[in-house]
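First up is the structure itself, then whatever we jot down about it.
What follows is calculated from the coordinates using simple rules that are stated; it is not laboratory data. Every value quoted in this text rests on a predicted model; they were computed, and no experiment measured them. Positions of Cβ are backbone-derived with ideal geometry, glycine not excepted, and every protein chain shown enters the neighbour counts.
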Amino acid sequence: MGISLPHWPPRTVGVLTTVDSDGPHAIPVSAPVRVCHDTVLLSLHQARGSLARIRVRPEVALLVLAAGDVACTARGTAQVVAEQMPGAPDYAAVEIAVHAVDDHRQAAFTVSAGAERSWISDYEQKALALRVQTLRQLAVTRIRCRVCAQGA
Amino acid sequence: MTPLEIQVSALGRHTLVTPWGELDVTNAERLADRLAELIDESSDAAVIVHLAELEFCDTTGLSVFINGARLAAESETPYLVAGAQGRVGRLLYLTGLERASWLLPDLEAAVVTLHHGDDEAQDAAG
């Protein structure tokens, strides 16, 4: 199968890097959803420059450092799969088709945790949970489409 | 407490059962009965229980999945449980249940197992 994204905990914060003529731009992204071995879904606010850059240059890298010794960069091509997410019209759903996974794990240590944060806004926390739920449903739809395409 | 909802849908020719919310002693029987029905109705198609939306599960809930595996084995129905996250995933790990052959990390691995066998499923799981 070649490409093999690891599993990461549900509340993981990743770092998404996009590029434009000014060079690379890296931003934190909340709770990227692993769809399968080579696909990731995440939500981006409509005002994010990263979303605008993806539309022009879809090459991206997603760094994930998380509990369970998860340390990798997924490099691939991003596309907007939903301009407005159900219940979150200010957010777009973005799918990354992963072409390569750089494994950063080392024998000298294990990664025991990623970025931790404490929520101040209940509202924003619940809104993120809803967006992640939508992404997970989209992930199931993606798998369902693949199964149907295989005629199974 | 988030009430338990049970969503049943098709995944190709297989049946996908997605419990939403919290599974415990107060509602485990409902899921157990539904699983028993679906396993009974299934022919050679599989019953896949997808746990990605399950927020909480106690040991009574775990027994539902174990009992489902027993019923499926008796009726020779392919049966897989996949996609446990967070607290539910940790419970499966702590109880050692994650080593069960019918338990897989995600839906993709479940599909691969049904169509290609265990070895490729391990590759898909990463």
Using the Cα atoms as the points, what is the convex hull volume per residue of chain A in Å³? 129
Once you wrap a convex hull around the alpha carbon atoms of region B:1-123, what is its projected area averaged over all directions, in nm²? 6.8
Using alpha carbon centers only, region A:31-56 is separated from region A:69-148 by a whole-angstrom value of 7
Counting other beta carbons within 10 Å of each Cβ, put A:Asp38, B:Asp44, B:Asp106 in order, fewest first. B:Asp44, A:Asp38, B:Asp106
If exposed GluC sites (Glu not before Pro) are those in a DSSP loop with at most 13 other Cβ within 10 Å, what is the longest stretch of chain A that has none? A:1-82
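If each residue's Cβ is checked for other Cβ atoms within 10 Å, how do B:Tyr79, A:Tyr123, B:Tyr93 rank with the fewest at the top? Provide the component values of the computation, followed by the final result.
Working: B:Tyr79 22, A:Tyr123 8, B:Tyr93 12.
Going from sparsest to densest Cβ surroundings: A:Tyr123, B:Tyr93, B:Tyr79.
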Where in region B:37-68 is the amide nitrogen less than 19 Å from a point lying 7 Å along the Cα-to-Cβ axis of B:Ser75? B:37-50, B:63-68
So for chain A, taking the charge dipole from beta-carbon charges (+1 Lys/Arg, -1 Asp/Glu), which of A:Ile96, A:Ala52, A:Ser118 sits furthest toward the positive end? A:Ile96
What spacing in nm lies between the two simple spin-label points modelled at A:Cys148 and A:Lys126, each 7 Å away from Cα in the Cβ direction? 3.3
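If you place +1 on the Cβ of every Lys and Arg, -1 on the Cβ of every Asp and Glu, and leave all else neutral, what size is the dipole of the protein assembly as shown about its Cα centre, to the nearest 20 Debye?
Working: 22 positive and 34 negative charges, 163 e Å.
For the protein assembly as shown, the charge dipole is close to 780 debye.
Under Stokes-Einstein, with the Kirkwood radius over Cα pairs standing in for Rh, what whole-number D in µm²/s applies to region A:110-152 at 20 °C and 1.002 mPa s?
On the way: Rh = 13.2 Å.
It diffuses with D of about 163 µm²/s by this estimate.
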Share antiparallel - DSSP beta bridges, chain B, percent rounded to 5: 35
Hey, how much of the P(r) for the protein assembly as shown falls beyond 32 Å, as a percent of Cα pairs? 25
Cα-centre dipole for chain A with unit charges at Cβ (Lys and Arg positive, Asp and Glu negative), debye to 20: 360
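Viscosity 1.306 mPa s, temperature 10 °C: what is the translational diffusion coefficient of region B:1-63 from Stokes-Einstein with a Kirkwood Rh over Cα pairs, rounded to a whole number of µm²/s?
Numbers: Rh = 11.9 Å.
In µm²/s, the coefficient rounds to 133.
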Average beta-carbon neighbours from other chains, 10 Å sphere, peptide A:142-148: 5
